[in-house]
Amino acid sequence: MHRFLRRALLGALSGLLASPILSLTVGRDTGPVPALLLAVVVAGALALPRRPAGRPRPELLMEVAALGVPLWALVDVVAVPLLAGDPPRWTAAAMRDAFPALAGWMLFQAAVGLLLHLADDLVTRWIAPEFVPVPPPRPRAQRIVILGGGFAGVSSAEHLEHRFGASAEVELTLVSETNAMLFTPMLAEVAASSLEAAHITSPLRTGLKRTEVVRGRVVGVDLDRKIVSVQMAVGEQRQLAYDQVVFALGAVSNYLGMAGVERHAFDFKSIADAIAIRNHVIDCFERADGEQDPVERRRLVTFVVAGGGFAGAELAGGLNDFTRGMLAFYPNVPRDELQVLLVHGGERILNELSEPLALHAQQRMTERGVTFRLKTRLKDATADRVVLSDGEVATRTVVWTAGTAPNPLLRALGVEVDKRGAVLTDATMRVKGRTDEWALGDAASIPNAATGKTCPPTAQFAIREAAQLARNLQATVRGGALRPFRFAPLGALCVVGHHTACAEIKGLRFSGLLAWVMWRGIYLSKLPSLERKVRVVVDWTIELFFPRDIVQTIELAPRTGSNR
Ligand SMILES: Cc1cc2nc3c(=O)[nH]c(=O)nc-3n(C[C@H](O)[C@H](O)[C@H](O)COP(=O)(O)OP(=O)(O)OC[C@H]3O[C@@H](n4cnc5c(N)ncnc54)[C@H](O)[C@@H]3O)c2cc1C
C-alpha cells in the first residue's frame, strides 16, 4: 500500500481511538460527531509526515502534545466562536474558560502520538519492514566524523545513531567547540530576559547515545590523509582519522570589513552573546539611573540593533519589551529618553515574509515603541555612537545581526566554495568533486531538488538536510543508491513582541496573539529534550505573573573603549 495512504489510515484510526478525549472537551460546544470527525482528520494529517528518527519516545510524544496548543487556539478560541456567530475573545476570562479544552487537546495529541508510534513499530517490524540491503560484514568499522555541534551536526548524529542502531559497521564522532546545542530561535528571549540561558541549550552528551563527543576546536582538515586536527580545550591538539567527514561548522558574523563595528558591536549568535547583551542592557539602566547628564543618560538607554531580518527584528522586539518593563524599577530614567532603534538597509524589515505581513509586524513594533531607520546602513561604531549612512546616533549599545558568512575555516579546506564561502555540494550533500566529504547547514551551498534553488541558511533546512545526509551516509557505508535532498519549506514564524508574532505557513498568514501562540507551540515542540521543554514552559509561566529578571549574572569587565 502507498506509504502516505498507509500513514493516513493509521492516523485516522488513532484519531478514532483517541476521539473520546476530544469529545469531552471540544465536543461540549460542538456535539460528539463534529468532535469525532475533527479527531480523525487531525490525526490523519498528523500521521502523514515521516516520524523523525533518532529521538527518544517521551520527547516525540511531548512534541506532538505541544502541537495541541496551536490546534486549541485555532479550533476552540477562533473557529468554534466564529461558527457560532461570535468573534474570538482573547481576554483572560475567555482563556480561563477555554483552559479545559487546552488540556483536552494536549491529552488528545499525546494519545494520538502514542498510538501512532505503536502502529509505526508494528508496521515497520512485522508487516512491512523497510528493505535495507545489508552487505557482508566489513573488516573494520567506518569512522564517520561530524564537525560542528549545531542543528546540522547534532541532527546528523541523531539520525545516524537511529539508522545504524547498535551496529558495529560505524564509529561516530562529533567535534564541537561547545558541549551543548543552542536552540537559536529562542535566543532573543534570553537576551530579553524571558528565558534562562541554559534552558535553550541541550547537552550533547545526554542527547547522543553512541556518538563520541569531542569538545574542541577544529583547526584544520587534511583531505588527502583524511585527518581532522582538533585543538582540545585543555592541552595538545588531537588528530582524528576519518573514512567519511561531515562539515557542519555553521556561520559567523560578517562585519563587511567594518573594523569599528566588529570592535564595538555585540554579536548575536551564541548563548554567551545573549547573556552579554542582557547584562549590558541592565548595566546601562543601572548607570543611567545615577547619571546626572541628560545627554549621557539618553545615550545609555538608546539601544541600536543593526539588521532587520528575523534575528534583528526578534531581538529589537524583545529588547523593547524588556527595557520598557524595566522603567518601573529605574525611576530616574525618563520614559521618553528610552529608545530601541532598528537600523535596516532595505525598504522594509523581514524580507523572509510577504510584504503585507512584514509591514504589519513593523506597524505593531512601532506601536509598542520600536523606532525604525530603513534604507539606512550602519557604517561605523565607536564606544559612544554609531555612524549611519544618513547621520549619527549617540549610543553605548549596538548589536550586529546584519550579516553572516559561512565559517572561514571552510575556505582553507581547498574545496570549491561559493562567493559567500559556503562549501559547494551536489544534491546528495557530497562535497563537489569529493567522495568521502559531506557538508550541510549554514556551512554548505546545497541545491534543493524540490525548488531548484540553493537551500537557505535556516535551522528548518539544516534539520531536514541532516535526515537526508544520514540516509545517504548509510547508503554509502552499505552500498546503496544516494538520493538528492528535496524539501518544500513550511513557512516562517517571527515574534516581534509580547503576545505579537507573524507567521506564514503553507501560504496562510497569521499575526497577533494567534501567531504568537503558534510560535510558542511550534518552537516548543522543536526544542530538543523533554527536560528543556519543561524548563522553558516553567520560564514562560513565571513570566506571566512576575516582571522579567533584572539581576546581572556576570561581573562586567571594566570597559577600555569597547562596549563589550
Ligand atoms: C538569533 C538567531 C535566530 C534564528 N532563528 C531562526 C529561526 O527562527 N528559524 C530558523 O529556521 N533558523 C533560525 N536561525 C538560523 C539557524 O540558527 C541556523 O540556520 C542554524 O543554526 C544552522 O545550523 P548549523 O548546524 O549549520 O550551524 P550552527 O547551529 O551555527 O552550528 C555550528 C556549530 O559548529 C560549531 N563550530 C564552529 N566552528 C567550530 C570549530 N572550528 N570547531 C568546532 N566546532 C565549531 C559551533 O560552535 C556550532 O555548535 C537563527 C539564527 C540566529 C543567530
Quiz prompt | Net charge of Cβ neighbours under 11 Å - reference LEU172; Lys, Arg +1; Asp, Glu -1 | solution = -1
Quiz item: Which percentage, to the nearest 5, of the DSSP beta bridges contained in the range 321-452 is antiparallel?
Solution: 60
Self-check item: the range 259-399 - convex hull of alpha carbons, volume per residue in Å³
Solution: 102
Exercise. Calculate the dipole size of the chain relative to its Cα centre from +1 charges on Lys and Arg beta carbons and -1 charges on Asp and Glu beta carbons; express the result in debye to the nearest 20.
Key: 1440
Quiz item: Just in the range 478-511: which trypsin sites (Lys or Arg not before Pro) are loop by DSSP and have at most 11 other Cβ atoms within 10 Å?
Solution: LYS506
Quiz item: What is the antiparallel percent of DSSP beta bridges lying wholly in the chain, to the nearest 5?
Solution: 55
Quiz item: So what J values fall out for the range 216-232 if you push phi through Karplus, 6.51 cos²θ - 1.76 cosθ + 1.60 with θ = phi - 60°, rounded to Hz, Gly and Pro as x?
Solution: x, 9, 5, 10, x, 9, 9, 6, 6, 8, 6, 10, 9, 9, 10, 7, 6
Exercise. List the residues whose amide H sits under 5 Å from the amide H of GLU171, counting only those 5 or more places along or on another chain, with H placed 1.01 Å from N in the peptide plane.
Key: GLN142, ARG143, ILE144
Quiz item: What relative contact order, as a whole-number percentage, does the chain give when Cα pairs under 8 Å and 6 or more residues apart are counted?
Solution: 16
Exercise. Could you list which residues have their amide H under 5 Å from that of LYS379, counting only those 5 or more apart in sequence or on another chain, with H placed in the peptide plane?
Key: VAL387, LEU388, SER389
Exercise. Going by C-beta contacts inside 10 Å, put VAL536, VAL190 in order with the fewest on the left.
Key: VAL536, VAL190
Self-check item: Antiparallel bridge percentage (DSSP; both residues within the range 259-399; nearest 5)
Solution: 35
Quiz item: Residue by residue, what Karplus-based ³J(HN,Hα) values in Hz, rounded to whole numbers, does the range 196-202 have, using 6.51, -1.76 and 1.60 with θ = phi - 60° and x for Gly and Pro?
Solution: 6, 4, 5, 6, 9, 10, 10
Self-check item: Separation of alpha-carbon centers, the range 271-289 and the range 466-525, rounded to whole Å
Solution: 32
Practice problem: Express in nm, to one decimal, how much length is gained between LEU359 and ASP289 on full extension, taking 0.36 nm for each residue of separation and deducting their alpha carbon distance. | Solution: 21.7 nm
Exercise. Towards the positive end of the charge dipole of the chain, with charges on Cβ (+1 Lys, Arg; -1 Asp, Glu), say which of GLN468, ALA73, ALA503 has the farthest Cα.
Key: GLN468
Practice problem: Place the peptides 339-347, 286-294 in order of packing, highest mean first, counting for every residue the other Cβ atoms within 10 Å and averaging per peptide. | Solution: 339-347, 286-294
Self-check item: For the range 529-538, 3J(HN,Hα) per residue [Karplus equation, 6.51 cos²θ - 1.76 cosθ + 1.60, θ = phi - 60°, Hz, x = Gly/Pro]
Solution: 6, 4, 4, 5, 4, 4, 4, 5, 4, 5
Quiz prompt | Stokes-Einstein diffusion coefficient of the range 285-327, Kirkwood radius over Cα pairs, 4 °C, 1.567 mPa s, in µm²/s | solution = 113
Quiz item: What percent does the relative contact order of the range 259-399 come to when contacts are Cα pairs within less than 8 Å and at least six residues apart?
Solution: 30
Self-check item: Computed helical MRE - 222 nm, the chain, DSSP H runs ≥ 4 contributing -39500 (n - 2.57), nearest 500
Solution: -13000 deg cm²/dmol
Self-check item: the range 300-391: trypsin sites (Lys or Arg not before Pro) falling in loop per DSSP and having at most 16 other Cβ within 10 Å
Solution: ARG348, LYS375, ARG377
Quiz item: Amide H to amide H under 5 Å from THR404: which residues, 5+ apart in sequence or cross-chain, H placed 1.01 Å off N in plane?
Solution: ASN254
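Where a number appears in this text, it was derived from the coordinates with a stated rule and is not lab data. Just so it is clear, the model here is predicted, and its values are computed rather than measured. Backbone-built Cβ (ideal geometry, glycine too); neighbour counts: all protein chains shown.
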